[in-house]
1. Quick check on the stretch A:34-45: of everything there that is among the hydrophobic types (A, V, I, L, M, F, W, C) and within 10 Å of ligand 2 (Cβ to nearest atom), which residue is nearest to A:ILE67 (Cα to Cα)?
2. Could you check the stretch B:99-140 and list, in sequence order, the residues that are open to solvent by 40 Å² or more (accessible area, probe 1.4 Å), aliphatic (A, V, I, L, M) and part of a helix (DSSP H, G or I)?
3. Could we say that A:ILE178 is of a type outside the set (S, T, N, Q), touching a helix residue (DSSP H, G or I) at 6+ places or on another chain (Cβ under 7 Å), in a helix (DSSP H, G or I) and at pLDDT 95 or above here?
4. Mind checking which residues of the stretch A:145-157 are more than 10 Å from every other protein chain (Cβ to nearest Cβ) and either within 16 Å of ligand 1 (Cβ to nearest atom) or in contact (Cβ under 8 Å) with a residue 40 or more places away in the chain (or both)?
5. Out of curiosity, is A:GLY107 within 22 Å of A:GLY90 (Cα to Cα), facing chain B (nearest Cβ under 9 Å), open to solvent by less than 20 Å² (accessible area, probe 1.4 Å) and out of contact with any helix residue (DSSP H, G or I) (no Cβ under 8 Å at 6 or more places or on another chain)?
6. Just a yes or no: is a residue in the stretch A:67-77 open to solvent by 30 Å² or more (accessible area, probe 1.4 Å), within 12 Å of another protein chain (Cβ to nearest Cβ), more than 16 Å from ligand 1 (Cβ to nearest atom) and in a loop (DSSP other than H, G, I, E, B)?
7. Taking A:GLU112, is it among the charged types (D, E, K, R), touching a strand residue (DSSP E or B) at 6+ places or on another chain (Cβ under 8 Å) and outside any helix (DSSP H, G or I)?
Amino acid sequence: MLTLNNIEVIYNDVILVLKGMSMQVPEGKIVGLLGSNGAGKSTTLKAISGLLKPEDGEVTDGSIEFIGQNIHNSDADDIVRKGIFQVMEGRRVFEHLTVEENLIAGGYTRREMSLSHDVDMVYGYFPRLKERRNQTAGYLSGGEQQMLAIGRALMAKPRLMMLDEPSLGLAPLLVREIFEIIKRINQEQKTTILLVEQNANLALSVADYAYIMESGRIVLEGHPADLRENADVREFYLGLTEVGSRKSYREVKHYKRRKRWLS
Amino acid sequence: MELFIQLTLTGLTSGAILALAALGFVLIYKSSDVINFAQGEFLLIGAYVIFAMLTQAGLHWTFGLVLTIAVAVGLGVMVERLVLRPMIGEPIISVIMVTIGLSSLLKAIVSTIWGNTPQAFPPFIPSEPVNILGATVGQDRLWALVIAAVLLGGFNLFFRRSREGIAMRAVADDQQAALSMGISVKRIFAWAWSIAAATAAIGGALVANIVGVGPELSHFGLRVFPVVILGGLDSIPGAIVGGLIIGLLEQYTGGYLGQGLNQVLPFVVLIVILMFRPYGLFGQEIIERV
Ligand SMILES: Nc1ncnc2c1ncn2[C@@H]1O[C@H](COP(=O)(O)OP(=O)(O)OP(=O)(O)O)[C@@H](O)[C@H]1O
Ligand SMILES: [Mg+2]
């Protein structure tokens, strides 16, 4: 459905952040994109959704194809109309708008006159939002804001939903709840999902396939079950030693030099 | 009592017209952070364009008004495209200087085309005085009040209910997030500038109908500044309430305390209110969750 072929992204004309990034997202699946801070995960999503321009970033090489069409260099609003919706890192709800107004804004590109049906569908997934429908979004809790951010995406009825670290700053119980819902959205709405996460364990638990990126390119990919078995993934992303106990930070650092895919 | 009613109605009228002009100012500030010092000139242009349509082209006032609005929208879009868009990302002070320059330019254009002498305006709204609760008030003022009130109410609904109106407020909150849901920020800016120019132009037409046209009309426009500061720079209801308060204050001080003072007192009240509410009456505070 979505194919990135060797893309290169440069910020401010000088900072090369993506260096030949390639990946594929098949229709109907949940694909995980993992990597540590600064690996270029958010940059990858912005390159796909056309949101690099306001940050003075540019795709300088490679191609981005969505359902057979080249979308590289399209404007962000065109890309949303083609069916790709990015839920940005840090939730980014419209703070001074109410919950319901946020949802309407999410459905901005829809052709239908009335969106009430879709608003109800979102409330079906997130009953808590319904209770707070007329509340100012800026005063919602972090978890509720994340639900609103996903709800806004649902309003656009995208074919591909890209989620940038939905677990960021949320309590484990809430994260579980949100990931359950992401899974349901994937199954019930037939929405393909590209999930960016630092929490590898979590992402591997819902993804059908996963990529691991570092310093602007993919270094490893595979099915979650296989990745879990990979010694490096266990070391550096799941934080497990061979016996399964948590490693201290010093040890992780020590092992860092031996990452196989970097040599 | 009669004096009170008369002052109240006159105050509400000029307040509602001020609110129309202020609404556009707030829209532009809200959506694009630009302080538009040319807002008063939009009002001036509106007054002169409809003047030209009615006296020089001899059109019926309905056509004249529609054409005036069309000209204003065109002007708004043009200013956004040619003047403001190239300034995106420039320091705020440069953008302010540009709008100040724009205001001089528009004033110069008006005086080149129509000269500097005030002229009577062919009233398109009947102006025979009517009697309300014992007070005598020009009908034109009442009509202006009604028209302004309907427009303000309409816009308020537009911003709260319509998808486009909500999108405008969304852009004001977080441009990149708005972009991520397919809202074209360029288009929203064009909307903001055209609505700003159109509402100011209608305000200008209403004022001109009452007092005639002349270059001093842009002074009327200058009064949007106390209005928006009072109401809160980024609040649409604030522009409306601020406009009405300033309009009423001016009339009451003028009527009860004497002319001259009415130019000063609104500013005194403004300063007092700002001491208690630094963001203005309805200004948005920065939301900080704990
Ligand atoms: N607007 C920008 N201008 C310049 N450099 C940028 C910009 N945005 C990101 N970068 C740089 O690009 C690199 C990748 O950033 P990106 O945000 O894509 O990482 P990430 O994988 O999403 O990290 P995180 O997990 O912390 O969100 C970083 O080194 C960052 O400093
Ligand atoms: Mg990121």
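1. A:LEU45
2. Listed by number, the residues that qualify are B:ILE100, B:LEU105, B:ALA108, B:ILE109, B:ILE113.
3. no
4. A:GLN146, A:LEU148, A:ILE150, A:GLY151, A:LEU154, A:LYS157, listed by residue number.
5. Working: within 22 Å of A:GLY90 (Cα to Cα): yes; facing chain B (nearest Cβ under 9 Å): yes; open to solvent by less than 20 Å² (accessible area, probe 1.4 Å): yes; out of contact with any helix residue (DSSP H, G or I) (no Cβ under 8 Å at 6 or more places or on another chain): no.
So A:GLY107 fails the test.
6. There is at least one residue in the stretch A:67-77 that is open to solvent by 30 Å² or more (accessible area, probe 1.4 Å), within 12 Å of another protein chain (Cβ to nearest Cβ), more than 16 Å from ligand 1 (Cβ to nearest atom) and in a loop (DSSP other than H, G, I, E, B).
7. Numbers: among the charged types (D, E, K, R): yes; touching a strand residue (DSSP E or B) at 6+ places or on another chain (Cβ under 8 Å): no; outside any helix (DSSP H, G or I): yes.
Judged against the criteria, A:GLU112 is not a match.
Rundown of residues vs (1) open to solvent by 20 Å² or more (accessible area, probe 1.4 Å); (2) at pLDDT below 90; (3) under 16 Å from the mean Cα position of the chain (by Cα), yes/no style:
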site	(1), (2), (3)
B:HIS60	yes, yes, no
B:LEU67	yes, no, no
B:ALA72	no, no, yes
B:LEU75	yes, no, yes
B:MET78	yes, no, no
B:LEU82	yes, yes, no
B:ILE88	yes, yes, no
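The values are calculated or read from the model by the stated rules, or taken from the named source; none is laboratory data. What you are looking at is a predicted structure, and each value in this text was computed from that prediction instead of being measured. As a convention, Cβ positions derive from the backbone with ideal geometry for all residues, glycine included, and neighbour counts pool all protein chains shown. For accessibility, only protein heavy atoms count, side chains too; no ligands or nucleic acids. Shrake-Rupley method; radii C 1.70, N 1.55, O 1.52, S 1.80 Å.
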